[in-house]
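Engineer: Below is a structure I'd like to ask you about.
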Amino acid sequence: MTRESMFNPVPRIKVCGITSQEDAFYAASLGVDAVGFVLAKSPRRVDPQKVREISLSLPPLVSTVGVVVDMDLETLRKTASFCRLHWVQLHGHESPEYCRALDVNIIKAVRVKDRESLEAMAAYKGCVHGFLLDTYVKGKPGGTGRTFDWALVEEAKKYGPVILSGGLTAERIREAIALARPYGVDVSSGVESAPGVKDREKMRRFVTVVRSTMGDME
């Protein structure tokens, strides 16, 4: 049995850009695996105190993820502890050495423009737990709402588990999973009515479609 085949064939689901307790609770009620909070400059940025309050009120077995960009190491350690984060998602120019020095669970975001964009992943193999692939847009570290060539995900898997992000919606996700077969999927703007405001029906439909892909992947 390969390392890849040991993973659940149904992708894990992360709903990112959570800004309210109500949206976090609803996502949890749908059975998502993780909720994400943006702690970097963004229309979806959340104050650490609010992240802490939401994290402490969530039911068991829902992971919390903090999205950061080039945060000072010691500040990030303190923030992760204060916010009760299970994971940090790094969207900046954090080096492999930075990741090795950070004693928390790490997902490294990679902005994908083309096949060459994947080459940087090799240096992080073994010092992060997995990668989030998002679409490259000049000047934006993430949250672009745009898709990239999903066929590239297969090549990226050799470096570790891949979470697919970028422009995902309930209408697109079945095709994305069929082509990429990622370990996980990450959605933010695709389930919103406005930046940082989640649409319950869009969330429900997204989760329903992802969960229904089990038959497609067998």
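All of the numbers you see were taken from the coordinates with simple rules; none came from a lab. Small disclaimer: the values here were computed from a predicted structure and weren't measured. Note that we place each Cβ from the backbone using ideal geometry, even for glycine, and neighbour counts take in every protein chain shown.
Engineer: Looking at region 101-206, what % of its DSSP beta bridges pair antiparallel, to the nearest 5?
Structural biologist: Roughly 20 percent of the beta bridges in region 101-206 run antiparallel, per DSSP.
Engineer: Only bridges whose two residues both fall in the chain count here: according to DSSP, what percent of them are antiparallel, nearest 5?
Structural biologist: Of those bridges, close to 10 percent are antiparallel.
Engineer: Distances longer than 17 Å among the Cα atoms of region 101-204: what percent of all pairs is that?
Structural biologist: 52 percent
Engineer: How big, on average over all directions, is the shadow cast by the Cα convex hull of region 11-86, in nm²?
Structural biologist: 4.9 nm²
Engineer: For region 166-218, take N as its residue count and report Rg(C-alpha) divided by 2.2 N^0.38 Å.
Structural biologist: It is 1.12.
Engineer: May I ask you to list the trypsin sites (Lys or Arg not before Pro) in region 28-80 that are in a DSSP loop and have at most 10 other Cβ atoms within 10 Å of their Cβ?
Structural biologist: Taking region 28-80 and a limit of 10 other Cβ atoms within 10 Å, the loop trypsin sites (Lys or Arg not before Pro) found are Lys41.
Engineer: Can you spot the lysines whose alpha carbon is less than 27 Å from Lys50's alpha carbon? Ignore those fewer than 8 places along the same chain.
Structural biologist: Here the lysines satisfying the reach criterion relative to Lys50 are Lys14, Lys41, Lys78, Lys108, Lys140, Lys198, Lys202.
Engineer: Let me check I have the definition right: for region 13-140, take the eigenvalues of the Cα gyration tensor, multiply each by 5, take square roots. What are those semi-axes in whole Å, largest first?
Structural biologist: So the equivalent ellipsoid measures 24, 16, 14 Å along its semi-axes.
Engineer: Continuing with the same structure: Given labels modelled 7 Å from the Cα in the Cβ direction, how far is it in nm from Ser29 to Arg45?
Structural biologist: It is 3.1 nm.
Engineer: Roughly how many nanometres apart are two label points built 7 Å out from the Cα toward the Cβ at Asn105 and Ala122?
Structural biologist: With each label point 7 Å from Cα toward Cβ, the separation is 2.9 nm.
Engineer: Which value at 222 nm does the chain reach when only helices count, each DSSP H run of 4 or more adding -39,500 (n - 2.57), with the total divided by all residues and rounded to the nearest 500 deg cm²/dmol?
Structural biologist: -7500 deg cm²/dmol
Engineer: Sticking with this one: Choose one answer from Leu61, Leu85, Leu179: the residue with the largest mean-square fluctuation in a GNM of the chain with alpha-carbon springs under 10 Å.
Structural biologist: Of the options given, Leu61 has the highest mean-square fluctuation.
Engineer: OK, next. Figure the gain on full extension for Glu97 and Lys78 (residue separation times 0.36 nm, minus the Cα-Cα span) and round it to one decimal in nm.
Structural biologist: 5.0 nm
Engineer: How much length is gained if the chain between Ser57 and Glu175 is pulled fully straight, taking 0.36 nm per residue apart and subtracting their Cα-Cα distance, in nm to one decimal?
Structural biologist: Gain on extension, Ser57 to Glu175, equals 39.0 nm.
Engineer: About the Cα centre of the chain, how large is the charge dipole given +1 on each Lys and Arg Cβ and -1 on each Asp and Glu Cβ? Please answer in debye to the nearest 20.
Structural biologist: Charge dipole, the chain, about its Cα centre: 220 debye, nearest 20.
Engineer: Rounded to a whole number of µm²/s, how large is the Stokes-Einstein D of the chain at 37 °C and 0.692 mPa s, given Rh as the Kirkwood radius over C-alpha pairs?
Structural biologist: 191 µm²/s
Engineer: For region 78-123, what ratio Rg/Rh do Cα atoms give with a Kirkwood hydrodynamic radius?
Structural biologist: The Rg/Rh ratio comes out at 1.03.
Engineer: Between region 13-60 and region 83-104, what's the alpha-carbon centroid distance in Å?
Structural biologist: 18 Å
Engineer: Put +1 on the Cβ of every Lys and Arg and -1 on every Asp and Glu Cβ in the chain; which of Val65, Ala80, Pro43 then has its Cα farthest towards the positive end of the dipole?
Structural biologist: Pro43
Engineer: Please work out the FRET efficiency for the pair Asp70 and Asp149, using the Cβ-Cβ distance as r and a Förster radius of 35 Å; give the result to the nearest 0.05.
Structural biologist: FRET efficiency, Asp70 to Asp149: 0.85.
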